[in-house]
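These notes concern the structure reproduced below.
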Amino acid sequence: MDFMPNEMKWKEAYKVMIGSILPRPIAFVSSMNKDGIANLAPFSFFTAISADPMMVCFSPMRNGEDGSKKDTLINIEETGEFVINIVSESFSEKMNHCAINYLPEEDEFIKAGLTKSSSRSVQPPRVKESLIHMECIKNQILHFGDHPGAGSLVIGEVITIQIDDSLLNEGRINAQELKPIGRLAGQLYTRPMTDTFELIRQKIDKR
């Protein structure tokens, strides 16, 4: 079947999209508003851009009811700083608790029972339970509409990346120890390290 997104209701198009692009890594983003109140929220529209400079991006969608901006987006627009905390299975339930739409003056760290840890290069705190933290400064934000179903692209430069010693082996990260989780469609998540296989990239002989 062919689907034409511009002819569909946005919620129907959204279901097709998130059911096709999977599994998706999760950016657990900590930010802080101009009054110093911390915010913590998960986003599964998240990926890397480049290594030099180290650039990453994630996309917060607009509120599905009124098209308003999410607190994370507002905070980054105001302060230009955020931390991406990589999610391991050990605190996935608490991460999911932060998907609730709390009021801006409520601290998701406290609501979810997660621990703040001071960042090295930015003001927003790290999630202590996370084993990898990417401290970022805003490079730019692109907006794609201001209605329900629209979204923004937050591009950040990683200025400090902190990795727990238990994960490192000769400069490489042991993903089995990290135990990351990924987002699927609906309420489903996945454990990507439980069933893996290797494909060796082929090289062309230029002789």
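The values are calculated or read from the model by the stated rules, or taken from the named source; none is laboratory data. Quick caveat, the model's predicted, so the values are computed rather than measured. Here Cβ is always computed from backbone atoms with ideal geometry, including for glycine, and neighbour counts include all displayed protein chains. Surface areas here come from the heavy atoms of the whole protein model, side chains and all, with no ligands, DNA or RNA. Shrake-Rupley method; radii C 1.70, N 1.55, O 1.52, S 1.80 Å.
Going by the structure shown, is residue 130 touching a Lys or Arg at 6+ places or on another chain (Cβ under 6 Å), assigned to a loop (DSSP other than H, G, I, E, B) and at negative phi?
Values: touching a Lys or Arg at 6+ places or on another chain (Cβ under 6 Å): no; assigned to a loop (DSSP other than H, G, I, E, B): yes; at negative phi: yes.
Considered against the rule, which asks whether it is touching a Lys or Arg at 6+ places or on another chain (Cβ under 6 Å), assigned to a loop (DSSP other than H, G, I, E, B) and at negative phi, residue 130 comes out as no.
Is it the case that region 17-34 has a residue that's assigned to a helix (DSSP H, G or I), of a type outside the set (Asp, Glu), over 30 Å from residue 176 (Cα atoms) and modelled with pLDDT of 95 or more?
Our first condition is that a residue be assigned to a helix (DSSP H, G or I); within region 17-34, this holds for 17-18.
Next cut, of a type outside the set (Asp, Glu) only: 17-18.
Applying the additional criterion that residues be over 30 Å from residue 176 (Cα atoms) yields none.
Checked region 17-34: no residue is assigned to a helix (DSSP H, G or I), of a type outside the set (Asp, Glu), over 30 Å from residue 176 (Cα atoms) and modelled with pLDDT of 95 or more.
How many residues are among the aliphatic types (A, V, I, L, M), without any contact (Cβ under 8 Å) to a residue 40 or more places away in the chain and either under 22 Å from residue 19 (Cβ atoms) or open to solvent by less than 100 Å² (accessible area, probe 1.4 Å) (or both) if we restrict to region 168-207? Step through it out loud before you land on a result.
Here is the first cut: in region 168-207, the ones among the aliphatic types (A, V, I, L, M) are 168, 173, 175, 178, 181, 184-185, 188, 193, 199-200, 204.
Add one more test, that the residue is without any contact (Cβ under 8 Å) to a residue 40 or more places away in the chain, and what stays is 168, 175, 188, 193, 199-200, 204.
Narrowing further to those that are either under 22 Å from residue 19 (Cβ atoms) or open to solvent by less than 100 Å² (accessible area, probe 1.4 Å) (or both): 168, 175, 188, 193.
Looking only at that region, the number is 4.
Starting from residues that are of a type in the set (Asp, Glu) and out of contact with any Leu (no Cβ under 9 Å at 6 or more places or on another chain), keep the ones in region 147-167 and report whichever is surrounded by the fewest Cβ atoms within 10 Å (Cβ to Cβ).
Residue satisfying both the conditions and the ranking: 165.
Tell me, which residue of region 14-29 that is closer than 28 Å to residue 55 by Cβ and aliphatic (A, V, I, L, M) is surrounded by the fewest Cβ atoms within 10 Å (Cβ to Cβ)?
Going through the qualifying residues, I end up with 21.
So which residues in region 48-63 are crowded, with 17+ Cβ neighbours inside 10 Å and either of a type outside the set (Lys, Arg) or free of Cβ contacts under 8 Å to residues at least 24 places away in the same chain (or both), if there are any at all?
Applying the first criterion (crowded, with 17+ Cβ neighbours inside 10 Å) to region 48-63 yields 56-62.
Once the filter is applied, which keeps residues that are crowded, with 17+ Cβ neighbours inside 10 Å and either of a type outside the set (Lys, Arg) or free of Cβ contacts under 8 Å to residues at least 24 places away in the same chain (or both), region 48-63 yields 56, 57, 58, 59, 60, 61.
One line per residue, one yes/no per condition, for (1) open to solvent by less than 60 Å² (accessible area, probe 1.4 Å); (2) under 30 Å from residue 175 (Cα atoms); (3) in contact (Cβ under 8 Å) with a residue 60 or more places away in the chain:
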| site | (1), (2), (3) |
| --- | --- |
| 102 | yes, no, no |
| 109 | yes, yes, yes |
| 114 | yes, yes, yes |
| 126 | yes, yes, yes |
| 133 | yes, yes, no |
| 136 | yes, yes, yes |
| 142 | no, no, no |
| 145 | yes, no, yes |
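Just give me the residues in region 133-180 being out of contact with any helix residue (DSSP H, G or I) (no Cβ under 8 Å at 6 or more places or on another chain), more than 28 Å from residue 107 (Cβ to Cβ) and assigned to a strand (DSSP E or B), in sequence order.
142, 144, 168, 169, 172
Scan region 65-99 for residues that are under 25 Å from residue 181 (Cα atoms), open to solvent by 10 Å² or more (accessible area, probe 1.4 Å), touching a residue at least 60 places away in the same chain (Cβ under 8 Å) and not in a strand (DSSP E or B) and jot them down.
Selection gives 89, 90, 92.
Looking at (1) closer than 19 Å to residue 117 by Cβ; (2) open to solvent by 20 Å² or more (accessible area, probe 1.4 Å); (3) touching an Asp or Glu at 6+ places or on another chain (Cβ under 6 Å), which one does residue 36 not meet, given that it meets all the others?
Here residue 36 clears every test but (3).
This table checks each residue for (1) more than 20 Å from the chain's Cα centre (by Cα); (2) of a type in the set (Val, Ile, Thr); (3) closer than 22 Å to residue 27 by Cα.
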| residue | (1), (2), (3) |
| --- | --- |
| 168 | yes, no, yes |
| 179 | no, no, yes |
| 189 | no, no, yes |
| 207 | yes, no, no |
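Residues in region 12-28 that are over 11 Å from residue 95 (Cβ atoms) and in contact with a strand residue (DSSP E or B) (Cβ under 9 Å, 6 or more places away or on another chain): how many?
Of all residues in region 12-28, those over 11 Å from residue 95 (Cβ atoms) come to 12-25.
Now narrow it down to the ones that are in contact with a strand residue (DSSP E or B) (Cβ under 9 Å, 6 or more places away or on another chain): 14, 18, 22-25.
Within region 12-28, residues that are over 11 Å from residue 95 (Cβ atoms) and in contact with a strand residue (DSSP E or B) (Cβ under 9 Å, 6 or more places away or on another chain) number 6.
Among the numbered conditions (1) within 17 Å of the chain's Cα centre (by Cα); (2) at pLDDT below 95; (3) not basic (Lys, Arg), tell me where residue 6 comes up short.
Of everything listed in (1) within 17 Å of the chain's Cα centre (by Cα); (2) at pLDDT below 95; (3) not basic (Lys, Arg), residue 6 misses just condition (1).
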